[in-house]
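*Asks:* Questions regarding the structure given below will be posed in turn.
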Amino acid sequence: MSLLQKIAEIEAEMARTQKNKATSNHLGLLKAKMAKLRRELICPKGGGGGGPGEGFDVAKTGDARIGFVGFPSVGKSTLLSNLAGVYSEVAAYEFTTLTTVPGVIRYKGAKIQLLDLPGIIEGAKDGKGRGRQVIAVARTCNLILIVLDVLKPLGHKKLIEHELEGFGIRLNKTPPNIGFKRKDKGGINFTATCPQSEMDADSVKSILSEYKIHNADVTLRCDATADDLIDCVEGNRVYIPCIYVLNKIDQISVEELDIIYKVPHCVPISAHSRWNFDDLLEKIWDYLHLVRIYTKPKGQLPDYTSPVVLQDSTTTVEDFCVKIHKTLIKEFKHALVWGSSVKHNPQKVGREHTMDDEDVIQLVKK
């Protein structure tokens, strides 16, 4: 029996099983089995294979990477062409784009790489079309734009989310607050620091036994589900922010547009007419969480034209030095910082100091 047949069989059994307290352990076990089979599907045993395929190995450049994901003919290529000025083949038939087409835009001093990925189809996570390669590239992005046709129902949104979820991509979510540590002996030590609506010691043990883990410390610090624990054990999930771009708004009424604007994480645009691009770029900037640091050579004015751009999780002076050149930290003595991260301007700081957006820094070497 093939992997896909096994997965289909488990999905069918899950659909048949009623959801209640008595069946929660059984459902958790089925979910764990399915996660293991999906992992084998993504990374087949024995490696080899035919490589990633033409056009999929795009080098990562710039300060952030954004992937356009969507069904064929929703306007991804038109959006890339009008945003970045890059020619991506556009036509009225489906599957015009067959490889990854890269483009670059500069926004607020940051260099952002855009990737127009080939249209995915239902069953992409199971390897249909070139879905596996497309979603593998999507996993490397800092932000995913799911491009949807505003005329087609939001069923498309559900299908794409399902495909990406099946490939270990979690959209607009944070990693579950679960402590998981394997050990050599002592059995399963289960602790919950808050009330649990779904998980208990037995369900945790049954899921871990499917992974042949019989000794581990598990601490649930949130109201966790079986999926959360499986994600934690698998350890290969990526948590990526996502914006839903509803294209072709030139074909709907103003009343419909008002309703769309209330949907969370959504931006309505018209890629063809270049409508609402400002709003889209502003939302992209918010979701990327980038921090700009301006440099100031000694005795000169700060350079406001080309900031050093960092992720907001890595904004210490040491991170800044490493971004410029990894040998710079060896010669580092201290830094002078101007901006909202310091109490007075300038302030002398060490390598652990955390900087804010649009701070100015001057490095002093030994």
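The values are calculated or read from the model by the stated rules, or taken from the named source; none is laboratory data. Because the structure is a prediction, the values reported are computed rather than measured. Here the Cβ positions follow ideal geometry from the backbone for every residue, glycine too, while neighbour counts run over all protein chains shown. The accessibility values were calculated without ligands, DNA or RNA, using every heavy atom of the protein model including side chains. Shrake-Rupley method; radii C 1.70, N 1.55, O 1.52, S 1.80 Å.
*Asks:* Kindly flag which residue pairs out of LYS31/LYS111; LYS181/LYS323; LYS111/LYS173; LYS76/LYS262 have an alpha-carbon separation exceeding 29 Å in this structure.
*Replies:* Cα-Cα > 29 Å for LYS31/LYS111; LYS181/LYS323; rest within.
*Asks:* Follow-up. So what is the accessible area of the chain per residue, in Å², with the probe set to 1.4 Å? Each step should come with its number before you reach the end.
*Replies:* Numbers: 18810 Å² over 366 residues.
Heavy-atom accessible area per residue stands at 51 Å².
*Asks:* Would you work out the relative contact order for region 232-366, in percent, from Cα pairs under 8 angstrom that are 6 or more residues apart? Present the calculation step by step, with values, prior to reporting the outcome.
*Replies:* Values: 196 pairs, mean separation 26.8, N = 135.
It rounds to 20 percent for region 232-366.
*Asks:* Quickly estimate the mean residue ellipticity at 222 nm for the chain, helices only: each DSSP H run with n ≥ 4 gives -39500 (n - 2.57), and the total goes over all residues, rounded to 500. Intermediate results must be reported in sequence, preceding the final value.
*Replies:* Working: 10 runs with 108 residues, N = 366.
Helices in the chain give a 222 nm mean residue ellipticity of -9000 deg cm²/dmol.
*Asks:* Quick one: with all protein chains in place, what share of the accessible area of the chain is carbon or sulfur, to the nearest percent (1.4 Å probe)? Mind dumping the intermediate values first?
*Replies:* Numbers: 9900 of 18810 Å².
The value for the chain is 53 percent carbon and sulfur by accessible area.
*Asks:* What FRET efficiency would be calculated for the residue pair ASN177, LYS323, taking the C-beta separation as r and a Förster radius of 25 Å, to the nearest 0.05? Intermediate values should be presented prior to the final figure.
*Replies:* Working: r = 29 Å, r/R0 = 1.18.
About 0.25, to the nearest 0.05.
*Asks:* Run through the DSSP bridge list for the chain and note the antiparallel percent, rounded to the nearest 5. Please report the intermediate quantities before stating the final value.
*Replies:* Numbers: 28 of 57 bridges.
In the chain, DSSP labels about 50 percent of beta bridges as antiparallel.
*Asks:* Using a basic spin-label model with each label point 7 Å from the Cα along Cα→Cβ, how many nm lie between LYS365 and GLU165?
*Replies:* It works out to 5.4 nm between the two label points.
*Asks:* Report relative contact order for the chain in percent, whole number only (criteria: Cα-Cα under 8 Å, sequence separation at least 6). Display every interim value, and only then the final one.
*Replies:* Working: 634 pairs, mean separation 50.7, N = 366.
Relative contact order for the chain comes out at 14 percent.
*Asks:* Which aspartates and glutamates, if any, have their Cα less than 14 Å from the Cα of LYS33, not counting same-chain residues under 8 positions apart?
*Replies:* List returned: GLU9, GLU11, GLU13, GLU210, ASP227, ASP231, GLU234.
*Asks:* Using a 7 Å offset from the Cα along the Cα-to-Cβ direction at both GLN300 and LYS330, what is the distance between the two label points in nm, to one decimal?
*Replies:* For the pair GLN300/LYS330, the computed spacing is 2.5 nm.
*Asks:* Mind checking which of ALA32, ALA216, ALA22 has the largest fluctuation in a GNM of the chain, springs on alpha carbons under 10 Å?
*Replies:* Answer for the Gaussian network model of the chain: ALA22.
*Asks:* How many nm separate the modelled label positions at LEU4 and VAL254, each set 7 Å beyond the Cα in the direction of the Cβ?
*Replies:* Label at LEU4, label at VAL254, 4.9 nm between them.
*Asks:* What's log10 of I(q)/I(0) for the chain at q = 0.11 Å⁻¹, Debye sum over Cα points only, no solvent?
*Replies:* So the normalised log intensities are -0.95.
*Asks:* On to the next question. With viscosity set to 0.890 mPa s at 25 °C, what whole-number translational diffusion coefficient in µm²/s follows for region 182-274 from Stokes-Einstein and a Kirkwood radius over Cα pairs? It would help to have the intermediate numbers written out before the result.
*Replies:* Details: Rh = 17.0 Å.
My calculation gives 145 µm²/s for D.
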